[in-house]
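K.L.:
Quick one: the structure is below, and I'll ask about it shortly.
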Amino acid sequence: MANVLVISGHPDLSHSLANRTILETLRACGLSFTLRRLDETPFRFDVEEEQALLKKADVIVLQFPMFWYSFPALMKYWLEQVFTHGFAYGSESTALKGKKFLISFTTGSPKEAFGEGAPNAHTLEEYTYSLKQIAAMCGMEYLEPIVTCAAAYIPGVSPEGDQDRIAAACKEHGEKLAAVLKAL
């Protein structure tokens, strides 16, 4: 069984129906993994501890909601602090080389809102290019992303029934993520 490290980049997981459901489902599927919730110590990371967890991991999963066409600022800050030159990349850096790298995320917009001629104008692959490049720079194996679209739930604003639809879709997302990770 691979040593799996899941980094949750939601800035307030307690208020997320989608990302919280994915992580709860992943845990319920019986998969053994280490979970790092960036919202529990926002912008205050023990870099050496984070790097030690990354070194132990065979698989690194970034779980996050897409905000403004990218991953949340909290996760970007974490990457900037932890994926340093001499550790994650550079001519003599091998700490992450060969590890599997998987992004698992949600979007507020439906899938048909992405792509040429659509409101968001670019494909999801184009919006995740920076993470694919980070994996390449660090010598990691980039795995096919797992994404659930139309997963934004805002209490008092979202239409009736959206909460159940989103919870069901994110439960499926978590089950798919668990299956992929168990197969590695």
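K.L.:
Under 6 Å between Cβ atoms, which residue pairs at least 6 apart in sequence (or on different chains) link something in region 110-136 that is touching a residue at least 12 places away in the same chain (Cβ under 8 Å) and closer than 12 Å to M66 by Cβ with a partner that is part of a helix (DSSP H, G or I) and among the small types (G, A, S)?
P.N.:
Cβ pairs passing all conditions: N120/A113.
K.L.:
Conditions: (1) closer than 21 Å to V4 by Cα; (2) aliphatic (A, V, I, L, M); (3) open to solvent by 30 Å² or more (accessible area, probe 1.4 Å). A121 meets all but one. Number of the miss?
P.N.:
(1)
K.L.:
For region 130-144, check the following and say yes or no: at least one residue is open to solvent by less than 80 Å² (accessible area, probe 1.4 Å) and over 26 Å from V59 (Cβ atoms).
P.N.:
No: region 130-144 contains no residue that is open to solvent by less than 80 Å² (accessible area, probe 1.4 Å) and over 26 Å from V59 (Cβ atoms).
K.L.:
Quick check on L177: is it part of a helix (DSSP H, G or I) and closer than 22 Å to H10 by Cα? Please lay out each step first, then the result.
P.N.:
Numbers: part of a helix (DSSP H, G or I): yes; closer than 22 Å to H10 by Cα: yes.
For L177, the condition - part of a helix (DSSP H, G or I) and closer than 22 Å to H10 by Cα - is met.
K.L.:
Give me the residue from region 151-168 that is free of Cβ contacts under 8 Å to residues at least 24 places away in the same chain and part of a helix (DSSP H, G or I) and, out of that set, most open to solvent (accessible area, probe 1.4 Å). Walk me through it before giving the result.
P.N.:
Here is the first cut: in region 151-168, the ones free of Cβ contacts under 8 Å to residues at least 24 places away in the same chain are 154-162, 164-165, 168.
Add one more test, that the residue is part of a helix (DSSP H, G or I), and what stays is 162, 164-165, 168.
Details: D162: 29, D164: 117, R165: 102, A168: 52 Å².
The residue in question is D164.
K.L.:
Taking region 15-32 only, how many residues are within 16 Å of the chain's Cα centre (by Cα) and assigned to a helix (DSSP H, G or I)? Don't jump to the end; show me each part of the working.
P.N.:
Pass one, region 15-32, residues within 16 Å of the chain's Cα centre (by Cα): 16-27.
Still in the running and assigned to a helix (DSSP H, G or I): 17-27.
Going through region 15-32 one residue at a time, the tally reaches 11.
K.L.:
Give all pairs with beta carbons closer than 8 Å in which a residue from region 51-77 that is farther than 16 Å from P11 by Cβ meets a residue that is charged (D, E, K, R) and open to solvent by 40 Å² or more (accessible area, probe 1.4 Å); count only pairs at least 6 apart in sequence or on separate chains.
P.N.:
L53/R36; D58/K100; V59/K100; I60/K100
K.L.:
Suppose we filter region 33-66 for residues that are open to solvent by 40 Å² or more (accessible area, probe 1.4 Å) and either assigned to a helix (DSSP H, G or I) or modelled with pLDDT of 95 or more (or both); how many remain?
P.N.:
Applying the first criterion (open to solvent by 40 Å² or more (accessible area, probe 1.4 Å)) to region 33-66 yields 34-37, 40-44, 46-49, 52, 55-56, 58.
When the remaining residues are screened for being either assigned to a helix (DSSP H, G or I) or modelled with pLDDT of 95 or more (or both), the result is 34-37, 40, 46-49, 52, 55-56, 58.
Number satisfying all stated conditions: 13.
K.L.:
Pick from region 115-144 the residues that are among the hydroxyl-bearing types (S, T, Y) and part of a loop (DSSP other than H, G, I, E, B): which of them is modelled with the highest pLDDT?
P.N.:
Per the criteria, the residue is T128.
The values are calculated or read from the model by the stated rules, or taken from the named source; none is laboratory data. Here the structure is a predicted model, which is why all the values come from computation and not from measurement. We place every Cβ from the backbone using ideal geometry, glycine too, and count neighbours over all the protein chains shown. Ligands, DNA and RNA are excluded from the accessible area calculation, which covers all protein heavy atoms including side chains. Shrake-Rupley method; radii C 1.70, N 1.55, O 1.52, S 1.80 Å.
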